[in-house]
Amino acid sequence: MAIKELTFVVCFWIVCTSGHEFFSSTDQTAQLVEKKKDLLMSFSQYIDAEEKNVETMKSALRNLLLSYSDPVDPEEIMRDPVTAYKLLRQLRDELINIVKHIQPSFYQCNEYQYELDFLEIPQMEDLNGAALGLIRLQEIYKLYPEDIMKEMSLSADEACHVGLVAFNEDKFQHAFFWFQYSLNTLTEYSATNKKDLLHYLSFSAYRFGSQPVAIYFGQQLLNLDPTNDEVKVQLSLYRRHHLLRTSNPDIFILNTESSNYETLCRGEIDERTSKRQRALSCRYSTGGGNPRLMYAPVKEEVEWDEPRIIRYHDIISDREIEILKNISRPLLSRSETKRGVSKIRTSQSVFLKEDYPVVARVNQRIANITGLSMKSAEDLQVQNYGIGGRYEPHYDSGDDENERIATFLIYVSVALVISPNGIINIIGLHFGVALKPKKGSAVLWYNLLKNGNVDLYTEHAGCPVLKGNKWVANKWIREFGQEFRRPCSLSYWE
Ligand SMILES: *[C@@H]1O[C@H](CO)[C@@H](O)[C@H](O)[C@H]1NC(C)=O
Ligand SMILES: *[C@@H]1O[C@H](CO)[C@@H](O)[C@H](O)[C@H]1NC(C)=O
């Protein structure tokens, strides 16, 4: 009998007999004596099985200890998206392994259940999310699997998983590349099966529209498995389509079509634009005459003129950054957009109240710098982006009565590679301002024109994180209370 069922017998017996009233019936007592024999038998078997289980647990622990290397800074590990994916997968497997061993003995009796519930095992969904993050990075930054695995390589099994995730998302070219990589790195220890890989290679190529390649891999599969009729049918289907189709895209060459968002994140901006950017000035500000800044000027730089984007340097210290991160870490949850959780925004965030002195200080500093009232501003939001984390093009202001008049975005991360060109955010998708992160600096822009309309040039986006751990803090300042601080205008243009 499996140990699980034995545990069940023991637990069930204790639970089910405890409700009986034995003193009022001698028959019940007699039956109990009979049952006791059975129970002693089960109990003895249970102990044998438990002893065996302890042995397997010990050997599992030995293996886990063997593979455990001393804590390198986990944040450092997470800098590389491939390493982060591997780590997540490894943790999931190991935790499942531990729980699998603990469960038969304790879990059924409920006593230890709550401790196990505390053990948060990464779900398959997390792993798929991490794989999708990798694929998204490849798409936006035009990377082949080899480009993204410079620091750390995936095993054949891991690559196959990434391929399957791509396949399920209809990203057939990327799926094809990952299956190909998996095939080339297959070893005798891989759980992945060569036939499955050939099938997926052939099918991805077919779905991508690359018939000759689909036929090539289909043929390979047939050579391995000559009696497989399904493969024969499929091959003849591919051959027929091959005759019908005129265009067969080359699956080996990454597609170059891309949106402005992607082009800008890749740093392919037009030379004229960057010249204009260089011509803009850098100076010390005294907060536009704001008396609170007269004595402590802040270094400001105009990143762009229209819409005006101003960068303030050194507005938050390393220590304040560390405290903000420490406060936020346990509170983070998946960020939402105006329409709830969405694929266009993959990060976790938390709104922090002024109960924390550091938050009150940062808010006051923003008030000092901008000269705007914080009365109707939202709480400071701290955000952390995951693997491939991004925020696709959007406006900060929508159709509220009390609109977000301005956005103050603080760069909190230490070292970070967002894109190959180091661009973190882009603003104004039509002309393209690509901002680079600098720890402790912040950028400010007005989402609204002085006449109260949304400035259509403030559409902006966060580029996907290629490497590193992206932390930012947002302060959205709203319209109410700014009447005397940023005078309105009736003009159509400002
Ligand atoms: C804001 O300005 C006031 C007045 O100058 C100053 O006392 C205070 O320290 C400033 N606050 C911050 C957080 O910089
Ligand atoms: C932040 O948390 C880490 C780890 O718990 C701790 O070592 C560090 O001292 C904390 N930093 C601050 C400034 O509170």
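The values are calculated or read from the model by the stated rules, or taken from the named source; none is laboratory data. No experiment lies behind these values; they were computed from the predicted model shown. Cβ sites come from the backbone with ideal geometry, for glycine too, and all protein chains shown count toward neighbours.
What to note about this one:
- Selection status of R329, part of a helix (DSSP H, G or I) and either within 16 Å of ligand 1 (Cβ to nearest atom) or modelled with pLDDT under 85 (or both): no
- When L201, L154 are checked against the criterion of being assigned to a loop (DSSP other than H, G, I, E, B) and either among the acidic types (D, E) or closer than 28 Å to P81 by Cα (or both), a single residue qualifies: L154.
- Residue within the range 118-127 that is surrounded by 19 or more Cβ atoms within 10 Å (Cβ to Cβ) and at pLDDT 70 or above present: yes
- Failed item in (1) assigned to a loop (DSSP other than H, G, I, E, B); (2) within 16 Å of ligand 2 (Cβ to nearest atom), with V362 passing the rest: (1)
- Those strands (runs of 3 or more DSSP E) of the range 430-494 in which at least 1 residues are of a type in the set (V, I, T) and at pLDDT 80 or above, considering only elements entirely within it, cover 442-446, 470-478.
- Condition check for N402: within 16 Å of ligand 1 (Cβ to nearest atom) and in contact with an Asp or Glu (Cβ under 9 Å, 6 or more places away or on another chain): no
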